[in-house]
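The values are calculated or read from the model by the stated rules, or taken from the named source; none is laboratory data. Computed from a prediction, not measured in an experiment: that's the story for all the values here. In this analysis, Cβ positions are derived from the backbone assuming ideal geometry, glycine residues included, and neighbour counts consider all displayed protein chains. The protein model used for the area step is the full one, side chains on, heavy atoms only, and it has no ligands, DNA or RNA in it. Shrake-Rupley method; radii C 1.70, N 1.55, O 1.52, S 1.80 Å.
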Amino acid sequence: MTITQECTEEQNLPYDVFSKACPSRGTLEHVTGRWGALTLGALHEGSLRFNELRRRVDGVSEKMLSQTLHALERDGLVHREAQPTNPPRVDYELTPLGRHVAERLMTLIQFVEGRMDDVLEARQRYDDTRGAL
């Protein structure tokens, strides 16, 4: 039995991210993990080379960015284009599916950025309350 069959037989649904055996859970983790979300958001701006992407996603290590790009490419969200030049040039861009996912992520990113004053106030209230105990 394949993972997809197990997922559909367990839940009687095509895919169910809440089922641990469902492959949709892995894709959701790739998309919503720290580096996946930031990588998709950066690529939403346009095609980037590896080092450009690494500079844009401040704080990501070369290893983590490479792993993230491989996972997103495997999921069909990112396209890797290697140019046969010397030195080799590799560009990354969103696929049509990746663009749809990134657009939704950008809505969330813009919402969070727009509400950071509220978040920071909530954090301060929380810290003040916890510190008083």
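Values for this structure:
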| item | result |
| --- | --- |
| Residue within segment 92-110 that is over 16 Å from GLY41 (Cα atoms) and either open to solvent by 30 Å² or more (accessible area, probe 1.4 Å) or not hydroxyl-bearing (Ser, Thr, Tyr) (or both) present | no |
| Residue list for segment 28-50, filter: more than 21 Å from PRO96 (Cβ to Cβ) and open to solvent by 90 Å² or more (accessible area, probe 1.4 Å) | GLU29, ARG34 |
| Some residue of segment 58-80 being modelled with pLDDT of 95 or more, out of contact with any Gly (no Cβ under 8 Å at 6 or more places or on another chain), surrounded by 14 or more Cβ atoms within 10 Å (Cβ to Cβ) and under 20 Å from LEU108 (Cα atoms) | no |
| Selection status of GLU29, acidic (Asp, Glu) and either over 19 Å from VAL90 (Cα atoms) or in contact (Cβ under 8 Å) with a residue 40 or more places away in the chain (or both) | yes |
| Test: residue in segment 6-27 that is in a loop (DSSP other than H, G, I, E, B), surrounded by fewer than 13 Cβ atoms within 10 Å (Cβ to Cβ) and at pLDDT 95 or above | no |
| Test: residue in segment 55-75 that is in contact with a strand residue (DSSP E or B) (Cβ under 6 Å, 6 or more places away or on another chain), closer than 19 Å to VAL17 by Cβ and not β-branched (Val, Ile, Thr) | yes |
| Tally of residues being assigned to a helix (DSSP H, G or I) and either charged (D, E, K, R) or within 17 Å of LEU48 (Cβ to Cβ) (or both) across segment 78-108 | 8 |
| Complete set of residues in segment 111-124 that are open to solvent by 80 Å² or more (accessible area, probe 1.4 Å) and either assigned to a helix (DSSP H, G or I) or under 17 Å from HIS44 (Cα atoms) (or both) | PHE111, GLU113, ASP117, LEU120, GLU121, ARG123, GLN124 |
| So THR129, is it within 25 Å of the chain's Cα centre (by Cα) and of a type in the set (Val, Ile, Thr) | no |
